[in-house]
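A.B. asks: My questions all concern the structure below.
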Amino acid sequence: MRHFLYEVKPSLGFTQAVVLALVVVGAASRGAGQIGTGKSVIQKATEQFENSPLKTTSLGNGLFLFSGDGGNVTAIVDDGTTLLIDSGMDSRIAELSEAISKATLRPVTRVVNTHWHFDHTGGNASLGSEGVTIIAQEAVKARMSSVQNVPFVGLRDGHYPSQALPTVTYSNSLPLRQGQEGLALVHYGPAHTDGDTIIYISPVNVVVVGDIFSNHFYPIIDLASGGTIDGMIHSLDLILAQTDEQTKIVPGHGPVATRRDLRDYRDMLAQVRQRIKDLITAGKTMDEVVASAPTKDFDAEWGSGYVPSDVFTEMIFSSLISVTSASR
Ligand SMILES: [Zn+2]
């Protein structure tokens, strides 16, 4: 893995989208976020996170991956402690804690959250009440401290108990050490949310990217939390520039990936974005863009997750419209 700059300056010309009230709060409006069964994206995802078996995978060099109980959870051990990245679903924290202690044989003393979403921070309250230090980008603390509405996917959450909140926050980058491994926490600006952290771990050459990457399905772009399609692509380009063919990439959901997988995903996002951008330029409405099925040739590969192609299209459309409106 190449060394990257600790000083990450917000890129010039990177327009932070002002998300317009394009949809009425709640999943009821024009069925946004509703899929075939009448369930919201979040209902479908939550059922999956509550019912999937919890799987432990060794990544080597004292790193472990726990998957199934929400977002992926990564553990890194040193001589006496375990550092966690993300904390899964609140309903499964006892099961997760047991699996962590069985695999790592060391108590958890620190947890880093990749972003504020419930399937990545659900265990925070339990860990925080045991005195575990919680580390995150500063926007995560702000979002967790008040009620959040994410209408596209039918999520209303936030306002976590005080013990769940980050106790250490940073703005652009934060270096940490855990035994032999150096961790570089980096925020590249709004992408999936406005508080995303990417964690480069070296020398083991692993990067944990949170929900900027879902392997292998369409991602949520959380516009209500400051996320943008252009920010997603921007972050992915910077991650691609900092990794090599040997890097193990831990996505927010799904199996460990290679840099090639990440590039394929980035190219899919960029192509769909361009198609939707062209349709907007041609004066098409959101409904017309959805009806034209701009993701059609990608659906077989990427469309079987909990984000259906129409919701994915609506999120990108709204993200691009927001940028256009904000720059007028
Ligand atoms: Zn997320």
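Nothing in this text is a laboratory measurement; each read-out follows from the coordinates by a stated rule. Small disclaimer: the values here were computed from a predicted structure and weren't measured. We place every Cβ from the backbone using ideal geometry, glycine too, and count neighbours over all the protein chains shown.
A.B. asks: Of a type in the set (Ser, Thr, Tyr), on the phi < 0 side of the Ramachandran plot, within 16 Å of the ligand (Cβ to nearest atom) and within 13 Å of the chain's Cα centre (by Cα) - does that describe any residue in the stretch 235-257?
C.D. replies: Yes, the conditions are met somewhere in the stretch 235-257.
A.B. asks: So for the stretch 184-197 (the condition being surrounded by fewer than 24 Cβ atoms within 10 Å (Cβ to Cβ), more than 16 Å from the ligand (Cβ to nearest atom) and within 25 Å of residue 129 (Cα to Cα)), does at least one residue qualify?
C.D. replies: yes
A.B. asks: Read through the list (1) more than 19 Å from residue 212 (Cβ to Cβ); (2) under 23 Å from the mean Cα position of the chain (by Cα), then give the number of the only condition that residue 270 fails.
C.D. replies: Failing condition for residue 270: (1).
A.B. asks: Still on this structure: Out of the residues in the stretch 109-137 meeting the condition of being in a strand (DSSP E or B) and hydrophobic (A, V, I, L, M, F, W, C), tell me which one is nearest to the ligand (Cβ to nearest atom).
C.D. replies: The selected residue is 136.
A.B. asks: On the basis of being of a type in the set (Val, Ile, Thr), in a helix (DSSP H, G or I) and within 15 Å of the ligand (Cβ to nearest atom), does residue 140 make the cut?
C.D. replies: Numbers: of a type in the set (Val, Ile, Thr): yes; in a helix (DSSP H, G or I): yes; within 15 Å of the ligand (Cβ to nearest atom): yes.
Yes.
A.B. asks: More than 30 Å from residue 54 (Cβ to Cβ), within 16 Å of the ligand (Cβ to nearest atom) and in a helix (DSSP H, G or I) - does that describe any residue in the stretch 267-280?
C.D. replies: No, there is no match, as no residue in the stretch 267-280 is more than 30 Å from residue 54 (Cβ to Cβ), within 16 Å of the ligand (Cβ to nearest atom) and in a helix (DSSP H, G or I).
A.B. asks: Considering only the stretch 198-234, how many residues are part of a helix (DSSP H, G or I) and either surrounded by fewer than 24 Cβ atoms within 10 Å (Cβ to Cβ) or away from the ligand (no atom under 11 Å from the Cβ) (or both)?
C.D. replies: The qualifying residues number 8.
A.B. asks: Determine if the stretch 159-170 includes at least one residue that is surrounded by 21 or more Cβ atoms within 10 Å (Cβ to Cβ), in contact (Cβ under 8 Å) with a residue 60 or more places away in the chain and within 16 Å of the ligand (Cβ to nearest atom).
C.D. replies: no
A.B. asks: Which one of 318, 309, 292 is of a type in the set (S, T, N, Q), farther than 24 Å from residue 251 by Cα and within 24 Å of the chain's Cα centre (by Cα)?
C.D. replies: Among 318, 309, 292, only 318 is of a type in the set (S, T, N, Q), farther than 24 Å from residue 251 by Cα and within 24 Å of the chain's Cα centre (by Cα).
A.B. asks: Looking at the stretch 259-272 only, could you name the residues that are within 16 Å of residue 200 (Cβ to Cβ) and surrounded by fewer than 22 Cβ atoms within 10 Å (Cβ to Cβ)?
C.D. replies: Once the filter is applied, which keeps residues that are within 16 Å of residue 200 (Cβ to Cβ) and surrounded by fewer than 22 Cβ atoms within 10 Å (Cβ to Cβ), the stretch 259-272 yields only 259.
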